[in-house]
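Every read-out reported here was derived from the displayed coordinates using simple, explicitly stated rules and does not represent laboratory data. Everything numeric in this text was worked out from a predicted model, so none of it was measured. Every residue, glycine as well, gets a Cβ built from its backbone with ideal geometry; the counts of neighbours run over all protein chains shown.
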Amino acid sequence: MIKHLRLPRLSWRFIPVWQRNYLVWKKLAIPSILGNLADPMLYMLGLGFGLGSLLPDIEGMSYLSFLAAGTVAYSTMNAATFEVLYSSFSRMHVQRTWDAILNAPMTLDDVMLGELTWATSKSLLSGAAILAVIWGLGLFGNFWMTLWIIPVVALVGFCFGGMGLVMNAVSPSYDFFLYYFTLVITPMVLLCGVFFPVSQLPPLLQSVSAWLPLTHAIDLARPLVIGRVPGNITLHVVALVIYGSLGYIIALALTRRRLLK
Amino acid sequence: MLKVRGLNKKYGDTEVVRGLDLNVQRGECFGLLGPNGAGKTTTLRLLLGLTEPDSGSIEIAGIAVPQHARAARMKVGVVPQMDNLDPDFSVRENLLAYGRYFGMTKAAITVRVPMLLDFAGLANKADAQIAQLSGGMKRRLTLARALVHDPDILFLDEPTTGLDPQARHLIWQGLRRLLAEGKTIVLTTHFMDEAERLADRLAILDHGRVVVEGAPRDLIEAHIEPAVVEVFGEGIADWTRQHAATLCLRFETVGETLFCYTDAPDTVIDALKEVPALRYVHRPSNLEDVFLKLTGRDLRD
């Protein structure tokens, strides 16, 4: 793996890969959007209204607003993760689409950058859909401020897309991805303040939480929903960029070992 | 068109390609033959720059690989061993998507699509989904896809494996058409008839090395007696012991069959007619006999 580790050579040639995925998605866009949306929306509205009616305001906002802000980050994470795990794995391993592309004048760097930008685009759509619900239900503090959620969502998609590609690179089969969900994604959802504030956790877990990417995502998204400027913007942005970039670089080395030895 | 010098590739302790030299001229069809594991597919991957050689040099149309693999691949069309058409696209969309990987504009690809579909005999299947195509159609589409950017040289990795005879003949016909247009073809196969039919020259590879190289006819003449009588049936062991050494120039027993190589098949056959329990097949020797003589009859798994 060390032998294959080097800085990616980025080029615009990733665009045809992105475009390929876009054209396939377009054929099934409606069911795909509904599928992406229905699940987080049901959780958000069900828990938000059901549980929210029993709860006091949290950090100065209704539970529904609190949960909506968490759901923006959470559903973006899920969309990016699912895309680079199951869909990228199908293209790489099952359909051998990557092999076909690599016979053209394309490098693995291009192919995986195409996958990463595609996962980012898809998760952007997913996050934006939740944002639309926030607008529709009037759960926001300041409309103009909520527009900043769009770039935040793109960054979150990039972050989890890059991380997920590492799993894609080492996975022997679809079943393997369950480990990632059980050991990484689900704990993250519970530790990073999607459903309840991190301050409710024991101090040890709070300090773990501070290192997790979803925490940084939520720390950016939640203040923006209620119309405040997030604190420590640079820290959160840099953390998300590092998680995503490191993921991409490591995934590239591992995939190079897998496909190009 | 293709020049390979002293190519070496090791995986762990296994030397997969050992000191390979190849020269393929423009417009030539060159066959790479060899048993499973001889290094054919690895050689093709090296030629494409998909894996880095431990030593040696490769030039495609004057471009060094892997240093300038991108530029080299612009000149190359690839038909891989296993079909990897895009199952989410129709026949036409497969060609469109693939052309974009070569930096072609949609307009530039669209102009070529009817010609490519016609070449593949899929003109009436343009909007069919990949799952609806037969094995032969998929192969032809893969071949057409390899031509989308009008390459000078084609790499075909076992292009007719798994096809029925009709489908194979269609592929061969297409390949001959390409050769007539002046394309260069490098073909791996373990069908000897395919190599004999298509290749101007071929190399037999074993254990990563070229065992022999030349035109199919020349190889048969140089390495093998002109005729073969295959003998089998009750009492073959006795007959072999008594007559094989005197009647055959060279003989081999494989399982229950005696392969008698000879330049005087009639003499052998006359002798065999006196033993009605024995059955025989008389045929001219072919590339397969050369192949088996040089690479042995052991199974390679």
| request: Would you point out the residue of the stretch B:103-157, among those that are among the polar types (S, T, N, Q) and without any contact (Cβ under 8 Å) to a residue 24 or more places away in the chain, that is nearest to residue B:35 (Cα to Cα)? | output: B:132
| Subset tally (residues that are crowded, with 22+ Cβ neighbours inside 10 Å, part of a helix (DSSP H, G or I) and in contact with a Gly (Cβ under 9 Å, 6 or more places away or on another chain)) for the stretch A:94-123 | 8
| request: Give the residues of the stretch B:153-191 that are of a type in the set (Phe, Trp, Tyr) and in a helix (DSSP H, G or I), sorted by residue number. | output: B:172
| Among the listed residues B:221, B:194, B:225, B:230, which satisfies the condition of being in a helix (DSSP H, G or I) and either in contact (Cβ under 8 Å) with a residue 60 or more places away in the chain or touching a Phe, Trp or Tyr at 6+ places or on another chain (Cβ under 8 Å) (or both)? | B:194
| said: Against the condition part of a helix (DSSP H, G or I), out of contact with any His (no Cβ under 9 Å at 6 or more places or on another chain) and more than 23 Å from residue A:213 (Cα to Cα), how does residue A:82 come out, does it pass? | reply: no
| request: Write out, first by first residue and then by second, each pair whose Cβ atoms fall under 6 Å of each other, whose residues are 6+ apart or on separate chains, and whose first residue, in the stretch A:20-32, is within 11 Å of chain B (Cβ to nearest Cβ) and under 16 Å from residue B:85 (Cβ atoms) while the second is surrounded by 16 or more Cβ atoms within 10 Å (Cβ to Cβ) and of a type in the set (Asp, Glu). | output: A:24/B:88
| task | Of the conditions (1) part of a helix (DSSP H, G or I); (2) within 14 Å of another protein chain (Cβ to nearest Cβ), residue A:66 clears all except one; give me its number. | result | (2)
| field | Count of residues meeting criterion [within 7 Å of chain B (Cβ to nearest Cβ) and closer than 18 Å to residue A:251 by Cα] in the stretch A:88-100 | value | 3
| Entirely in the stretch A:155-227, the helices (runs of 4 or more DSSP H) that have 3 or more residues that are farther than 19 Å from residue A:66 by Cα | A:177-180, A:203-209
| request: Find the strands (runs of 3 or more DSSP E) located wholly in the stretch B:1-72 whose residues include 3 or more that are at positive phi, buried (at least 16 other Cβ atoms within 10 Å of the Cβ) and touching a Leu at 6+ places or on another chain (Cβ under 8 Å), and list them. | output: none
